[in-house]
Amino acid sequence: MNGSWFCLVTVSSIAMLLYTCQASRSLHPIILVPGTGGNQLEGRLTESYKATSILCNRWYPIKKDKEGWFRLWFDTSVILAPFTECFAQRMTLHYDNDLDDYVNAPGLQTRVPHFGSTHSLLYLDPNLKHITAYMAPLVQSLEEIGYVNGETLFGAPYDFRYGLAAEGHPSYVGSKFLHDLKVLIENASNSNGGKPVILLSHSLGGLFVLHLLNRNPLSWRQKYIKHFVALSAPWGGTVQEMLTFASGYTLEVPLVEPLLVREEQRSSESNLWLMPNAKVFGHRKPLVITPHALYSAADIAQFLIDIGFPQGVHPYKSRILPLMQQLTAPEVPVTCIIGTGVKTAETLFYGGSGFDKQPEVIYGDGDGTVNLVSLLALESLWADKKTQPIKVIRVSGVSHSSILKNDTALHVIIREVNVINSHDYVLD
Ligand SMILES: *[C@@H]1O[C@H](CO)[C@@H](O)[C@H](O)[C@H]1NC(C)=O
Ligand SMILES: *[C@@H]1O[C@H](CO)[C@@H](O)[C@H](O)[C@H]1NC(C)=O
């Protein structure tokens, strides 16, 4: 199935037909940008690491490479409570007031393996391919139409715990990722005869891509970017994130006790970035209701105080909130492919016993994780923007993560990639 996905027989002259067949063999390179938790992370403990429990000592985990690196994410031992605590402590970020930036836990170094390749985003745990498959089915579908890892197909894994910050604030890890991604885009294009690339993101990856585009000049975008395809992107955040901050949330790993991971989840800068955006959810609509208060997307700072996470308020107000205002149209073609019709947390009700108990949830439309209004946010925000081509494709009944695995969804994604690749010579 190498490259020759089909010849367009819509042209009249033989010469044109030959040209079309030849052109169809050279694909626009694709760069995959995963979502939260969507690629492996490695850790290494230094002398200054302080164990918080006997189990969480420097010997754990036993399996490390010669230089001491081990897989921090994802490791299945996290489902056993004592290890959950150890894992959560190591995954926790710290906001450093003097640096005005987020940093790792003391004594922990981290790195993202295989940048540039699809390798670390196929399976979260390569020893448990079946249950931890992430982008593997999507990559396989792309390979079936001729894409080859390292030649026309690339991966941009990153440390998804970190986010970006508004202008004037350092964001060492996130900015370095955007820089590396930019170089990867230029390399992918240069090694494919100067063809501009297709950026294909999932979830949080879409927010990073949008900022990458808007932080580079229009001339750069026009030279290097063919199209941006965003799968399941939470443009305006999610109500789910308020649940995560208030009570902990463990959908991905159902056996884990939510409160054991709540501190770690609260510490993640990218989680804070995914709080509901008032521009999208409105300033009035109550998203969380308690016997004492109503919280809309405009009340996140107060919400952080009331749930017992006042440390989050300063970075939220200074770094994140102004960043969330920036959903600027990048003026390159954008396609959003989204799941709909899956019940998605829309309003959270907490009773008298506070935020430690899981709330009652009223559900609305979305992909099970992201609310429909957030999935559709760019389409509404850019409605009057004549210079911004945007298309939204809805796949009914497909969830936030199954969009990467479900046959119907994969078919829709591949069809869109084929359409983008054929744009060069289809005269319509
Ligand atoms: C880009 O290409 C340069 C030169 O070939 C290479 O040294 C570098 O590692 C590449 N970087 C990425 C991210 O692909
Ligand atoms: C994919 O999703 C569609 C829509 O929900 C569903 O009908 C179909 O059964 C799913 N396919 C698989 C293989 O799960």
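The values are calculated or read from the model by the stated rules, or taken from the named source; none is laboratory data. Every value quoted in this text rests on a predicted model; they were computed, and no experiment measured them. Every residue, glycine among them, receives a Cβ derived from its backbone with ideal geometry; neighbour counts consider all protein chains shown. Each accessible area value is taken on the protein alone, full model and side chains, heavy atoms only, with ligands, DNA and RNA left out. Shrake-Rupley method; radii C 1.70, N 1.55, O 1.52, S 1.80 Å.
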Using the Cα centre of the range 192-324 as origin and beta-carbon charges of +1 (Lys, Arg) and -1 (Asp, Glu), tell me which of Ile225, Pro258, Gly194 is placed farthest towards the positive end of the dipole. Gly194
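With a 1.4 Å probe and every protein chain left in place, work out the accessible area per residue of the chain in Å², rounded to a whole number. It would help to have the intermediate numbers written out before the result.
Working: 18660 Å² over 428 residues.
Heavy-atom accessible area per residue stands at 44 Å².
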R0 of 22 Å, Cβ-Cβ distance Ile131-Asp407: FRET efficiency to nearest 0.05: 0.70
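How big is Rg to Rh over the range 24-421, alpha-carbon atoms, Rh as the Kirkwood inverse-mean-distance radius?
Details: Rg = 20.4 Å, Rh = 21.6 Å.
Rg/Rh: 0.95.
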Which aspartates and glutamates have a Cα less than 15 Å from the Cα of Lys66, not counting those fewer than 8 places away in the same chain? Glu42
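To the nearest 20 Debye, how big is the dipole of the chain about its Cα centre, given +1 on the beta carbon of each Lys and Arg and -1 on that of each Asp and Glu?
Values: 34 positive and 38 negative charges, 104 e Å.
Here the chain has a charge dipole of around 500 debye.
Thr46 to Leu259: FRET efficiency via 1/(1 + (r/R0)^6), r the Cβ-Cβ distance, R0 30 Å, to the nearest 0.05? Intermediate results must be reported in sequence, preceding the final value.
Details: r = 29 Å, r/R0 = 0.97.
Efficiency at R0 = 30 Å is approximately 0.55.
For Glu144 and Trp59, calculate 0.36 nm times their separation in residues minus their Cα-Cα distance, and state this gained length in nm to one decimal.
Values: separation 85, 0.36 × 85 = 30.60 nm, distance 4.30 nm.
Taking 0.36 nm per residue and subtracting the Cα distance, the gain is 26.3 nm.
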Rounded to one decimal in nm, the spacing of the 7 Å Cα→Cβ label points at Leu218 and Thr76 is 5.3 nm
Based on the mean of other Cβ atoms within 10 Å per residue, sort peptides 198-211, 361-374, 83-96 so the most packed one is first. 198-211, 361-374, 83-96
Considering only Asp384, Asp98, Asp65, give the residue with the highest GNM mean-square fluctuation for the chain, with springs between Cα atoms whenever their separation is below 10 Å. Asp98
Choose one of Leu274, Pro322, Ala298: the residue whose Cα lies farthest towards the positive end of the charge dipole of the range 212-348 (beta-carbon charges +1 Lys, Arg; -1 Asp, Glu; about the Cα centre). Pro322
Cross-link reach from Lys385 to lysines, straight Cα distance under 29 Å and at least 8 residues apart if same chain, gives Lys182, Lys195, Lys223, Lys226, Lys279, Lys285, Lys317
Label point at Ile393 placed 7 Å out along Cα→Cβ; residues across the range 194-215 whose backbone nitrogen lies under 15 Å: 198-202
Within straight-line cross-link reach of Lys405, aspartates and glutamates at Cα separation under 18 Å, skipping those fewer than 8 residues along the same chain: Asp125, Glu143, Glu144, Glu252, Asp367, Glu416
Select from His292, His169, His400 the residue whose mean-square fluctuation is largest in a Gaussian network model of the chain (Cα-Cα springs shorter than 10 Å). His292
Each label sits 7 Å from Cα toward the beta-carbon; between Gln311 and Asp365 the label points are separated, in nm, by 4.0 nm
In whole Å, what three semi-axes, largest first, describe the equivalent ellipsoid of the range 341-428 built from its Cα gyration tensor (square root of 5 times each eigenvalue)? 36, 18, 8
Express the carbon and sulfur contribution to the solvent-accessible surface of the chain as a percent, rounded to the nearest whole number, probe 1.4 angstrom. 56 percent
Can you give me the Cα centroid spacing of the range 76-109 and the range 22-67 in angstrom? 14 Å
